[in-house]
Amino acid sequence: MPDDAAAVRAAAEEESAFSHAPVDPDVTAAYGDHPDQVIDFYVPRPGREATAPTALAPLVVVLHGGAWRARYDRRHVTPFAAYLARRGFVVANVEYRRGGEEGGGGAAAMDGAGGAGSVPPAGRWPDTFDDVAAALDALPALVREVVPQADTGRTVLTGHSAGGHLALWAAARHVLPADAPWRTGRPSPLRGVVALAPIADFEVAEKLGVCDHAARQLLGGTGMFVDRCRYADPARLLPTGIAATLVQGRADVVVPHQVAESYAEAAAQAGEVVGLTLLEGVGHFPLIDPAADACAVVAEEIAQLAW
């Protein structure tokens, strides 16, 4: 448990990150029939300062966090998406189905840390994974149609917290088990992944009780956790051959830095080098808070891969 000072700091960081007014996208496109199967696009505007001059802008795909729970949707990262657009990127902010809606989560709602009904269920198996895979598969055609100024050859995938998990997972679809419905025949043509405080190692996350055991709930509860980890846990889907950097606050009490460190160690054991940027005195939410210095670090990590 965090001490009082850490808890106060974490609360202040969360309040700052959520204090920004949502930013409407330039255009929204659907990748499926469900209301949550949509992508918001943000484009650089005249007068915005780009990181480097270019005829086409790199594409940054954002997967939001929120422990895969329905009460956290893409709106809370729209200030972050707009911030990246001001840096010269085209941004695709992806929505996906989460747990806690009617018909979602099932028995997982009974399998949290505090007993039945203590927290809403996290994720929807397999819907959450179906949606992320479908969104990324549909993205090239949607980009050509609605944001032709984006250079899909310079695509960087980023995500925060649970979205960081989904970003790492999406980059590893080509190494999923052969019977996985989301498996692709070749690596995704990404410049790389920048995962922000990701829930990147499910075993460690469960030991630490991250987000009221959200990873266990995402996979359908205790009875399904072990079997489904091989389809869903990024730490078991290595090496990917795709460049990845993890950005993590050392003072994070939501997803502690041990989770990211464990993923980096697993990658090293698999023969893959994963970047790990640990920020002193930084917690969970400054990484997506345009008012925080940590957000500028994130933008620079993305730029290093994109430009």
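The values are calculated or read from the model by the stated rules, or taken from the named source; none is laboratory data. Note that the structure is predicted; figures quoted are calculated from it, not measured. When we count neighbours, we look across all protein chains shown, and the Cβ atoms used for this are built from the backbone with ideal geometry, even at glycine. Please note that ligands, DNA and RNA were not included when accessible areas were found on the heavy atoms of the full protein model with its side chains. Shrake-Rupley method; radii C 1.70, N 1.55, O 1.52, S 1.80 Å.
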Only helical DSSP H runs with n ≥ 4 go in: add -39500 (n - 2.57) per run for the chain, normalise by residue count and round the 222 nm mean residue ellipticity to 500 deg cm²/dmol.
-10000 deg cm²/dmol
Rounded to a whole %, the carbon-and-sulfur portion of the accessible area of the chain at a 1.4 Å probe is 51
Most to least accessible of 41, 285 (protein chains only, probe 1.4 Å)
285, 41
Over the chain, calculate the relative contact order: mean separation of alpha carbon pairs under 8 Å at least 6 apart, over the residue count, as a percent.
19
Determine the order of 127, 26 by accessible area, beginning with the largest, at a probe radius of 1.4 Å.
26, 127
Where 300, 206 fall by accessible area, highest first, once all protein chains stay in place (1.4 Å)
300, 206
Just to be sure I understand: with springs between alpha-carbon atoms less than 10 Å apart, which residue in 297, 193, 91 has the highest mean-square fluctuation in the Gaussian network model of the chain?
297
Suppose we look only past 12 Å in the calculated P(r) of segment 153-206. What percent of the Cα-Cα pairs does that tail hold?
64
How much solvent-accessible surface does residue 155 expose, in Å² to the nearest 10, with a 1.4 Å probe and all protein chains in place?
10
How big is the antiparallel share of DSSP beta bridges in the chain, given as a percent to the nearest 5?
25
Between the residues 290, 138, 62, the Cα farthest towards the positive end of the dipole of the chain, that dipole coming from +1 and -1 charges on the beta-carbon of Lys, Arg, Asp and Glu, is from 138
Mind grabbing the accessible area of residue 222 for me, 1.4 Å probe, Å², rounded to tens?
80
Can you give me the solvent accessible area of residue 307 with a 1.4 Å probe, rounded to the nearest 10 Å²?
70
Can you compute the modelled spin-label distance between residue 258 and residue 226, with each label point 7 Å from Cα toward Cβ, in nm?
2.2
Sequence-distant residues sharing a close amide H with residue 194 (under 5 Å, placed H):
157, 158, 159, 245
Return one whole number: the accessible area per residue of the chain in Å², for a 1.4 Å probe.
40
Gained length - residue 280 relative to residue 304, 0.36 nm times residue gap less alpha-carbon distance
6.5 nm
Estimate the FRET efficiency between residue 75 and residue 144 by the formula 1/(1 + (r/R0)^6), using the beta-carbon distance for r and 35 Å for R0, to the nearest 0.05.
0.85
Of (1) 19.1; (2) 23.9; (3) 21.4, the label for Kirkwood radius over Cα pairs in Å derived from the coordinates
(1)
With the convex hull built on the alpha-carbon atoms of segment 186-255, volume per residue in Å³ sits at 96
